[in-house]
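See below for the structure under consideration.
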Amino acid sequence: MADVATPLAGTELDHELERMLAIERFDPPDGFREKALVSDPAVYERAERDPEGWWAEQARALDWAEPWTQVLDWENAPFAKWFVGGRLNACANCLDRHVEAGLGDRVAYHWYGEEGEQRDISYAELLAETKRLANALLDRGIKAGDVVGIYLPMIPEVIVAMLACARIGAPHNVVFGGFSPEAVRERMEFSEARALITVDAARRKGKTAAIKPAVDEVVGGLEHLETVVVVRHTGEQVPMQDGRDVWYDEIVAAADPECPAEPFDAEHPLYVLYTSGSTAKPKGILHTTGGYLTGVACTHRLVFDLDADHDVYWCAADVGWVTGHSYIVYGPLANATTSVMYEGAPDYPGKDVWWSLVERYGVTVLYTAPTAIRACMKWGAEEPNKHDLSSLRLLGTVGEPINPKAWLWYHRVVGGGRCPIVDTWWQTETGHIMITPLPGIVPTKPGSATRPFPGISADVVNADGEPIDEGTGLLVLRRPWPGMLRTLYRDDERFKEVYWSRFGERTYLVGDAARKDEDGYFWILGRIDDVINVSAHRLSTAEVESAIVSHERVAEAAVVGQPDELTGQAIVAFVTLVGGGDGDDALREDIRGHVAARIGKIARPKRIIWADDLPKTRSGKIMRRLLRDVAEGRELGDVTTLRDPVVMAEISEKVAAGEEEE
Ligand code: WT7
């Protein structure tokens, strides 16, 4: 085991971090490069010279039932086709081929439950259960192309559910367990899901929350939803509707254990995942099979320097987000990885639960979000210091910009100063990691995602689309990549307009601002659209506004993000009440609860500021820029374009008085 730096805490640690703030560049640690999967920087030139050849080489790591005849078809840009003519089964690539290669006994997931239950699930077990569930879905009339919703907590069945869908070519539509049943209904409706796999109840920090009855209340009217499969998790009594509802364990036990994995076209839809955009209606990001699997498998292997025979990998995200899809499920399984999967919250039953799991399973690679690191910082280095973390050799972050202080803390306290950190930039849309260091060869700078992954072409451009060599601008992607979204589900027009219109149909507009420094390193600065990033979760201001406005006492609402030490950004809502006047704290709580019910708890505004009117231009557009100024305590920007400048003066006064603080 590697040497471990002396654990530090309190003021000693503060001094050390202060000192480290002066370090601009961290080279791959001694010994890491020599053993790394990628140890030769020539990989970048190789991919740049012949990107399609590079991706084809990556794709050959998968099992194809039928080879492709063309790597990329970009004729009909922005609609891409990868590995044209190729056929494969995603589930077979994640499970069957490993079992056939003799790895059936390898643990796929060390699952750890909230109350300390442990389940080690081998590749053979995962395959057996997946086949049965796949058959059970077929028995219920689900066929290739039918959408299946999944609304489950972090339990092994969620993996089985996703893989069973992939096996039969039924695109899954997973809804994050923290979203409300209302959000589930909406997503099932938009995708015309024919089945929904959910749970009796979920556990959170020692409490049980009924899920199935809450789902029942909202899905009743969905005309396409014919089957609801219920996983028995807590054993809660829940009502079952005859003809529609079935128990997961019963249908799995009754199903035929044999289920051949039929190959599908490389462009067969693998899943839809809804994410927030600039309008209130979430966007259904569509990912397909061959390119996506190629992209997630190769980035997972190379970015995390994966040695599947020895590593114990843990992506501490929720499967309900794209991070979970790509780096808990498809990437790791395609690479025959042993992963850790944890059901609960990072502070239950104690604030050291993560570190106890790192020690228990000997985790070597840990992947999480900056917001989680900042929470751990707040809880103090004493928590990780209680445990032996010397198995860790590589750390990753994703989801939002990481502030250098958190980066250094992660590096020093969690990584013992010996683990490279891969800050990985990507999006639900991109499917897989796009800008990231390769840990054996790319020196890191705290706060920078460094450079594009081999084969990826990223640029920072000015408002006219001209590349900026050094400086700040808009992030764009120049060339198609295998895991790219293929469209917005059933909305080709919106797909073209949102991503491929600003600079033409061959340049992908990311929606992030970025800076390129003198070494060509990318620093992602944040969103340029009306999307807020709360604890690395993406929310649309319009979506939150429409939830607030649906409250009976609310006339109008405007939502902005403000910087937050813990969550990156926090939601601030300016609310006008029906009939005017101010509300009280009870009403604030009520509105927050209302938003939680409509979207989910993460969408609750941190601050609610009552306003008699909202600042609008003469054409009636709300000027969020001014509201952001107020929320952040800045000097007000230009108010001359406002219809009524007095409105802003009143709001500023109120905020200055601070009467809305929680
Ligand atoms: C947005 C995408 C990618 C999985 C999780 C989020 C922000 C993501 C980073 C990073 C700075 C980041 C961007 C991006 N973002 N990773 N390493 N550094 N910002 O996926 O919900 O689709 O959100 O998250 O703003 O556009 P998502």
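Things to note:
- Summed residue charge, Cβ within 15 Å of GLU518's Cβ, Lys/Arg positive, Asp/Glu negative: 0
- With both residues required to sit in segment 205-321, DSSP beta bridges show an antiparallel share near 65%.
- Fraction of antiparallel bridges per DSSP, the chain only, in percent to nearest 5: 60
- Estimated vicinal HN-Hα couplings, Hz - segment 133-147 in sequence order (Karplus 6.51, -1.76, 1.60; Gly, Pro = x): 5, 4, 4, 4, 5, 4, 4, 7, x, 6, 10, 3, x, 6, 7
- Look at the Cα gyration tensor of the chain: its axes a ≥ b ≥ c give a/c under 1.5, and that counts as rounded.
- Here is how the number arises for the chain: DSSP H runs of 4 or more residues each give -39500 (n - 2.57), the sum is divided by the residue count, and the result at 222 nm is -8000 deg cm²/dmol.
- Computed lengthening from TYR348 to ALA308, 0.36 nm per intervening residue step minus Cα-Cα distance: 11.5 nm
- Taken one residue at a time, the phi angles of segment 336-350 give Karplus couplings (6.51, -1.76, 1.60, θ = phi - 60°) of 6, 7, 9, 10, 9, 9, 10, 6, x, 8, x, 10, 9, x, x Hz. Gly and Pro are set to x.
- With a Förster radius of 51 Å applied to the beta-carbon distance between GLU100 and GLU189, the computed FRET efficiency rounds to 0.80.
- Karplus 3J(HN,Hα) series, Hz, for segment 70-79 with 6.51 cos²θ - 1.76 cosθ + 1.60 (x for Gly, Pro): 8, 5, 9, 10, 10, 4, 9, 3, x, 8
- Cβ-Cβ FRET estimate between ASP584 and ASP63, R0 fixed at 60 Å, reported to 0.05: 0.45
- Each peptide in 518-529, 599-610 receives the mean, over its residues, of other Cβ atoms within 10 Å, and ordering these scores from highest gives 599-610, 518-529.
- Computed extension gain for THR640 through ALA144, at 0.36 nm per residue and net of the alpha carbon distance, reaches 172.9 nm.
- Extension reserve of the LEU222-GLU117 stretch, reckoned as 0.36 nm per residue once the Cα distance is removed: 34.2 nm
- Between the amide H of ARG479 and those of SER457, distances stay under 5 Å, these residues lying 5 or more places away or on another chain, with hydrogens modeled in the peptide plane.
- Amide proton proximity set for ILE150, modelled H, under 5 Å, gap of 5+: ASN173, VAL174, VAL175, ILE197
- What separates the Cα centres of segment 242-311 and segment 147-176 is a distance of 7 Å.
- Centroid-to-centroid, using Cα positions, segment 501-517 and segment 469-484 are 6 Å apart.
- Around the amide H of GLY399, modelled in the peptide plane, lie the amide H atoms of TRP426, all under 5 Å away and 5 or more residues distant in sequence or on another chain.
- Centroid-to-centroid separation of segment 325-341 and segment 18-49 [C-alpha atoms, Å]: 24
- With the simple spin-label model, which puts each label point 7 Å out from Cα in the Cβ direction, the GLN237 to ALA77 separation comes to 6.3 nm.
- ALA597-ALA124 pseudo-label distance in nm [points 7 Å out on the Cα-to-Cβ vector]: 5.1
We did not get these values from a lab; they are worked out from the coordinates using the rules stated. This is a predicted model, so every value here is computed, not measured. In this analysis, Cβ positions are derived from the backbone assuming ideal geometry, glycine residues included, and neighbour counts consider all displayed protein chains.
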